[in-house]
Every structure is written in structure tokens, then in C-alpha cells.
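The values are calculated or read from the model by the stated rules, or taken from the named source; none is laboratory data. Bear in mind that the values here come from a model prediction, so they are computed numbers and not experimental data. Counting neighbours? That spans all protein chains shown, and the Cβs are built from the backbone with ideal geometry, glycine included. Surface areas here come from the heavy atoms of the whole protein model, side chains and all, with no ligands, DNA or RNA. Shrake-Rupley method; radii C 1.70, N 1.55, O 1.52, S 1.80 Å.
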Amino acid sequence: DYVVVKMIPDNRLPPRHLHSVHTGKTFTVIKWESPYDSPDQDMLYAVAVKDLVRKTDKIYKVKTRNSTVEYTIKKLEPGGKYHVIVQLGNMSKESSMKINTVPLSAPDALKIITESDHILLFWKSLALKESNFNESRGYEIHMFDSLMNITAYLGNTTENFFKVSNLKIGHNYSFSVQASCLYSGQMCGEPATLLYDELGTGADSSAEKASRSTDVAAIMVPVLFLLLVTLGAGFVVLYMRHRRLQNSFTAFANSHYSSRLGSAIFSSGDDLGDEDDEAPMITGFSDDVPMVIA
């Protein structure tokens, strides 16, 4: 024996498994399941989005018969904080979650230029890579003194540079630049940070090491080139002297005695290749002169 039982849907139950699938700078994709499986009719959901920074609310309506619902909430602000509530349209029990959108990126190419009595911070415009950033919003500059262990707010600017004065000798500083915060220090951009080692020594130890390596290379390359040229010239001179000595020795070895002239002929190295000059001759002894041996 068996019996078929059909459960009566309870529209007072909350949506199940509410969670975020993906969150960007200006949107978030949320997903949830219906209060019960296989709805047999369209269900109307109310999606309330509370801006925890601005203290504002927005309500969106979603009508579907699907058991699994995916919805994209748009027009959010980078770095914002939101409270999302999903419930059926009849104001049943709710499911909720908190979402933090992705903040604006940090400015690129932050660098320091040292002047006589101050330094200048430079960076690329954030509008070049962030379509949601307006230059009128500006940038915030902060400084951390590691020796005093304090962080100071230096100011705000709409330019891509900032002047910093009154730095103390022997102190190490870290400077950070970010998109200006909105609404009481919230909705800030990601900071770009750069270390300034010491007054007069320049910025960023890694950049300093790279600069020193470049300077050493600029000095060593010409020196090595001159050494190679000098060694090459020395080898050429030695080779030419060796050839000349070899030719002189060959000329001396080829000296021979002429029986026709009755004399010995010796050629010097200076006479080589000169056919117009005659080689010096040494007259030999005649056969008629007696040889006296003591």
C-alpha cells in the first residue's frame, strides 16, 4: 500500500543559499534558491540594496519561476559597502548578506624627484586606466615616518604631482597616493606606496640599487672597450716586430759564400726588399797567401 502526499508550499519561508557569485567595482552578481523546490508558478522577489556609506536604499523586483535565481545589481560605487536583502514580495522571512565592491586601483608610476629643500611626488593619472575615476575627485597623499612611528595626512590635489617640504635628516618616510576618499574617509582607492630612504639619498631602495648598477655599467663598458683596443694594438705591434726579426734572421741564414767571387756575402735585414742596393761584401783571403799557425 502507498499514499501520495503533496506538500503545501509555504510562501513565508526565506530564499535559500543567498551568496555572491562575482563582485566588481560597480556591480555584483548574487544568487539564491527558491524557498521550496520546483515552484509551479511565478514568484516575485524583492531585492533591497542598502548603501551603508551613503545611508540610502534601493529596491529591485525580480519575477521568475526558476528554482535557482541569478541577479546582477548594477550602479554601485567602487570601494562601497552594501547590505543586500532578498525576500518574497509578500514580505516573508528574508535572507541577507553584506558586499564590499572592489576599490579603484592604485596610481601607476609613483616616483620621487629630490630638490634642494623639498621633494616632488609624481604619478600617472588614474583616469588613464579607471573609467569610473574623474580627475576632479583628486588624490590623497599620506606620509608615514618610521622613526617616529606616526602617519600624517599631507593633503589633497587634483594634479599628478605634490610638493613635500620640511623633511628631517635621518628619518625614513613612506609616501602613499590614492584616489580621494568619499563620505567621511570611506570609498577610498587603493594606495600606491613608495619608500623614501633618507633626505638626500633618493627614493626606493630598489630603484637606487638599479640606478647604481646603471652608473657602474656606464663607467665599466668604456673602460673595458679601451682595454680591449689597447691589447689589440699591442698584439699587432708585437706581431710586426716578430715578423721583422724573423725576416732578418732568414736573410742572415741565407748568406752564402761565393766561390766565383772568392768572397763571403752577408745580407742585413735592412737591405731586404731593396734590389737597387748591393749587399756589402767582405773580401776573402787569396789561396796564394800562406796560412801561419802559431
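The table below lists the values:
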read-out	value
Amide H partners (placed H, <5 Å) of Cys188, local residues excluded	Leu182
Per residue accessible area of segment 16-100, 1.4 Å probe, in Å²	57
Compactness of segment 1-123 - radius of gyration and Dmax, Cα, Å	22.4, 98
Carbon plus sulfur fraction of accessible area for segment 67-108, probe 1.4 Å, in percent	47
Relative packing of peptides 133-142, 16-25 - highest average C-beta neighbours within 10 Å first	133-142, 16-25
Percent accessible area from carbon and sulfur atoms, segment 15-54, protein chains only, probe 1.4 Å	47
Normalised contact order of segment 108-197, rounded percent, pairs of Cα under 8 Å and 6 or more residues apart	28
Solvent-accessible area per residue, Å², over segment 108-197 with all protein chains present [probe radius 1.4 Å]	54
Local net charge near Lys124, Cβ-Cβ under 15 Å (Lys/Arg +1, Asp/Glu -1)	-3
Using θ = phi - 60° and Karplus 6.51 cos²θ - 1.76 cosθ + 1.60, couplings along segment 57-66 (whole Hz; Gly, Pro as x)	10, 9, 10, 10, 10, 10, 10, 7, 9, 5
Amide H contacts of Gly79 (H built 1.01 Å from N, under 5 Å, at least 5 apart or other chain)	Thr101, Val102, Leu104
Whole-Hz couplings from phi, Karplus 6.51/-1.76/1.60, listed for segment 165-170; x for Gly and Pro	10, 6, 7, 9, 5, x
Relative contact order (%) - segment 16-100, alpha-carbon pairs under 8 angstrom, separation at least six	33
Label point 7 Å beyond Cα of Met97 along Cβ direction - residues of segment 65-81 with amide nitrogen under 11 Å	70-71
